[in-house]
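Written below as structure tokens is the structure these notes are about.
The values are calculated or read from the model by the stated rules, or taken from the named source; none is laboratory data. Note that the structure is a prediction, hence the values are computed from the model and not measured. Because the Cβ atoms are built from the backbone with ideal geometry, glycine has one as well, and the counts that use them run over all protein chains shown. All accessible areas refer to the heavy atoms of the entire protein, side chains included, with ligands and DNA or RNA removed. Shrake-Rupley method; radii C 1.70, N 1.55, O 1.52, S 1.80 Å.
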Amino acid sequence: MRELLRVPVGETVDLSAYDTAATPAGPRDKAAGRAETARMARPLAALQERLWAASTAGDRRRVLLVLQGMDTSGKGGTVKQVTGLFNPSGCRIQAFKAPTPQELAHSFLWRIRKALPRPGEIGVFDRSHYEDVLIARVRGLAPRAEIEDRYARINDFERSLAEDGVTVIKCFLHISYDTQRRRLLKRLDNPDKRWKFDPSDIDERARWPAYQEAYEIALRRCAAPYAPWYLIPADHKWYRDWAVSRLLLEHLRELDPRYPAADFDVEECRARLLKQGDP
């Protein structure tokens, strides 16, 4: 899946050339996709436990899953599906909203660094440092020269993460304009979902072409061997969840974290316990 979904490094990206409803290498249908995603939960949980356990013996490796996409692309839903069976003590999940005044007083990477996973953890970012070259570019929230400089700073930042033992998995959840409209209408039609809707979402849709261009630039300029971008067709929620889970599973299997060996005499401890008997 990594080879199939990876955005080519250094090449121009044309998002209109990617079918948002495609299901490359995926299960045959929704039912099969949901079933296969559910079957991945057990090995994912086991690998997460091994990663966490390895950190207790000094293994500094950890994983950072970055989820980006237009509104309604399913970043939050993906987080629920992928991390559902993880041990919370080994996870760090951060949803980045509009920066606070305190955050604005620092470099755009300041709040990102604070939320990074620690050794042994799996971190998940719902939005990320890429907002500072996406919404900032589309809305003109910073001078263009500063935004241009941020791409290089992001690349340097992600390279430093990789060198420090962080496996960076960046997923762009790619949906169509029509799919977004259908999902927004569902939020309006369901009283239990209206809290997710903001009238400004309609104004943002008017900037769709500008956002597509901003994503194309980010995908081209910030795809690297040490921090690749993966383009996930996300019109079908079941495929989106399956693909991200599969990517995470492949990366964790490659890491192959191991339980640390006991640093005490196992048989001596067993004998002591057996001697204790009943209280």
Subject >> Extension reserve of the Ala45-Glu216 stretch, reckoned as 0.36 nm per residue once the Cα distance is removed >> reply: 58.2 nm
**OP:** Towards the positive end of the charge dipole of the range 1-144, with charges on Cβ (+1 Lys, Arg; -1 Asp, Glu), say which of Thr83, Tyr130, Thr56 has the farthest Cα.
**Re:** Thr56
Original post:
When the Cα centres of the range 126-146 and the range 28-89 are compared, how far apart do they sit, in Å?
Top reply: 28 Å
Subject >> Charge dipole of the range 157-279 about the Cα centre (unit charges at C-beta), most positive-ward option of Pro228, Thr167, Gln180 >> reply: Gln180
**OP:** Using a 1.4 angstrom probe on the protein heavy atoms only, line up Cys91, Cys171 by accessible area, largest first.
**Re:** Cys91, Cys171
**OP:** Identify which of Leu184, Leu248, Leu116 has the largest mean-square fluctuation in a Gaussian network model of the chain, with springs joining Cα atoms closer than 10 Å.
**Re:** Leu184
**OP:** Please report, as a whole percent, how much of the solvent-accessible surface of the range 55-95 comes from carbon and sulfur atoms (probe radius 1.4 Å).
**Re:** 50 percent
Subject >> Whole-number percent relative contact order across the chain, with pairs defined as alpha carbons under 8 Å at least 6 apart >> reply: 35 percent
Original post:
Which residue fluctuates the most in the chain, going by a Gaussian network model with Cα springs under 10 Å, if the choices are Ile147, Ile175, Ile232?
Top reply: Ile147
Original post:
If ligands, DNA and RNA are left out, what is the accessible area of Val166 with a 1.4 Å probe, given in Å² to the nearest 10?
Top reply: 10 Å²
Original post:
Lys80 versus Asp189, label points 7 Å from Cα toward the beta carbon: distance in nm?
Top reply: 1.8 nm
Original post:
Which one of Arg221, Arg194, Arg92 has the biggest mean-square fluctuation once the chain is modelled by GNM with Cα springs under 10 Å?
Top reply: Arg194
Original post:
Taking the DSSP beta bridges in the chain as the whole, what percent of them are antiparallel, to the nearest 5?
Top reply: 10 percent
Subject >> Accessible carbon and sulfur surface of the range 162-254 relative to its total accessible area, %, 1.4 Å >> reply: 48 percent
Original post:
Hey, what number do you get for the chain at 222 nm if only DSSP H runs of n ≥ 4 count, each worth -39500 (n - 2.57), divided across all residues, to the nearest 500?
Top reply: -15000 deg cm²/dmol
